[in-house]
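The values are calculated or read from the model by the stated rules, or taken from the named source; none is laboratory data. Note that the structure is predicted; figures quoted are calculated from it, not measured. Glycine gets a Cβ as well: all are built from the backbone with ideal geometry, and neighbour counts include every protein chain shown.
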């Protein structure tokens, strides 16, 4: 069965790796899975070196990024190389009109994960597989599609419902998303982020080691105000250098070693070999857990529900801290990966595999 996956593939470690994991797991289950090369303007813009509006703080960050452009360009090259080597791309499209005019022919189209169904971020028809109407016998499925909102804004609600009703199988990432769909009369199963489908050993097979000595890893998607004090506490407690995996120059105040040129493989290696992790990222939290690293996570609006729900499920909610945490020592000392945590993680992973098996089996049978 040929499966085409449409998802977000911008310059974001989590986005790139969740797409990889979903394709790999489907192939492991015996499917002929491919990523559809869909790169609208919003996705292409993430590969720009200057990311911010040219106002005061953003302008400073942009100018610093330009001064380090060779390092950021190397990261971009590594992202492109990873995609080309691992995605088995089919098609090449830059807007929804192009993909609707001539979509790649597949037996099943899967959308997900990431916030593909958040209409405030993007209401792009392609993430609802509208192009599949060209092949009436093709089936539509959603794997761990994320909405990321407490409700669908009124101006999108009717069209959103119409689009999702076309799907033969729906699974979402958040309980909140399942509740939204249930109110619309659409039943959806829960499934974990695709990165959790693969075990640590599977990620190690494609990782690249970056730092040879022990270190504390910092990875901030949104830079938490006051986090410098927390990082200094961790450094004082552990006596290690701080490595900052930087997405932009906004976080440049933190770190003895600043990494600007990391691609997806280097990202994996940095988490695999860290001693302790401080992050504000959902996928930073995920890869800390996959690699059994002690960590702390701070929350910000667009990822808070994802982080809190994951950590609630695993019994690790105490790892959430305020950016200006005044007593970090207890987080550095305790062993957090108990048998109970491991059992819950295994259950979560198996649930995701079962959803993929259901998608494959049920849609094959129809």
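Please count how many residues of region 265-307 are more than 22 Å from residue 350 (Cβ to Cβ) and either outside any strand (DSSP E or B) or without any contact (Cβ under 8 Å) to a residue 24 or more places away in the chain (or both). Steps first, answer last, please.
Step one: list which residues in region 265-307 are more than 22 Å from residue 350 (Cβ to Cβ), which gives 265-281, 284, 293-305.
Keeping just the survivors that are either outside any strand (DSSP E or B) or without any contact (Cβ under 8 Å) to a residue 24 or more places away in the chain (or both) gives 265-275, 280-281, 284, 293-294, 298-305.
Adding up the residues that qualify gives 24.
Elements of the type strands (runs of 3 or more DSSP E) sitting completely within region 156-245 and holding at least 2 residues that are on the phi < 0 side of the Ramachandran plot and touching a residue at least 60 places away in the same chain (Cβ under 8 Å): these cover 169-172, 215-219.
Of all the numbered requirements in (1) out of contact with any strand residue (DSSP E or B) (no Cβ under 7 Å at 6 or more places or on another chain); (2) closer than 21 Å to residue 9 by Cβ; (3) not in a helix (DSSP H, G or I), residue 262 misses one, and that requirement is (1).
Could you list, in sequence order, all residues of region 229-259 that are within 30 Å of residue 86 (Cβ to Cβ) and surrounded by fewer than 21 Cβ atoms within 10 Å (Cβ to Cβ)?
Here is the first cut: in region 229-259, the ones within 30 Å of residue 86 (Cβ to Cβ) are 243-251, 255, 257-259.
Across region 229-259, the qualifying residues are 248, 250, 255, 257, 258, 259.
Consider residue 118 carefully, then state whether it is closer than 18 Å to residue 38 by Cα and either touching a helix residue (DSSP H, G or I) at 6+ places or on another chain (Cβ under 9 Å) or in contact (Cβ under 8 Å) with a residue 40 or more places away in the chain (or both). When the stated conditions are applied, residue 118 does not pass them. If you go through region 245-260 and keep only what is under 17 Å from residue 74 (Cβ atoms) and touching a helix residue (DSSP H, G or I) at 6+ places or on another chain (Cβ under 6 Å), you end up with 245, 248, 249, 260. Of the candidates 352, 361, the single residue that is in a helix (DSSP H, G or I) and free of Cβ contacts under 8 Å to residues at least 12 places away in the same chain is 361. Scanning region 120-139 for residues that are modelled with pLDDT of 95 or more and closer than 24 Å to residue 306 by Cβ returns 123, 124, 126, 127, 128, 129.
With the structure loaded, tell me whether residue 206 is surrounded by fewer than 21 Cβ atoms within 10 Å (Cβ to Cβ), under 28 Å from residue 313 (Cα atoms) and in the same structural domain as residue 65 (by TED's automatic domain parsing) or whether it fails that test.
Working: surrounded by fewer than 21 Cβ atoms within 10 Å (Cβ to Cβ): yes; under 28 Å from residue 313 (Cα atoms): yes; in the same structural domain as residue 65 (by TED's automatic domain parsing): no.
So residue 206 fails the test.
Do the conditions hold for residue 21, that is, is it modelled with pLDDT of 95 or more, crowded, with 19+ Cβ neighbours inside 10 Å and over 20 Å from residue 131 (Cβ atoms)? Please lay out each step first, then the result.
Values: modelled with pLDDT of 95 or more: yes; crowded, with 19+ Cβ neighbours inside 10 Å: yes; over 20 Å from residue 131 (Cβ atoms): yes.
For residue 21, the condition - modelled with pLDDT of 95 or more, crowded, with 19+ Cβ neighbours inside 10 Å and over 20 Å from residue 131 (Cβ atoms) - is met.
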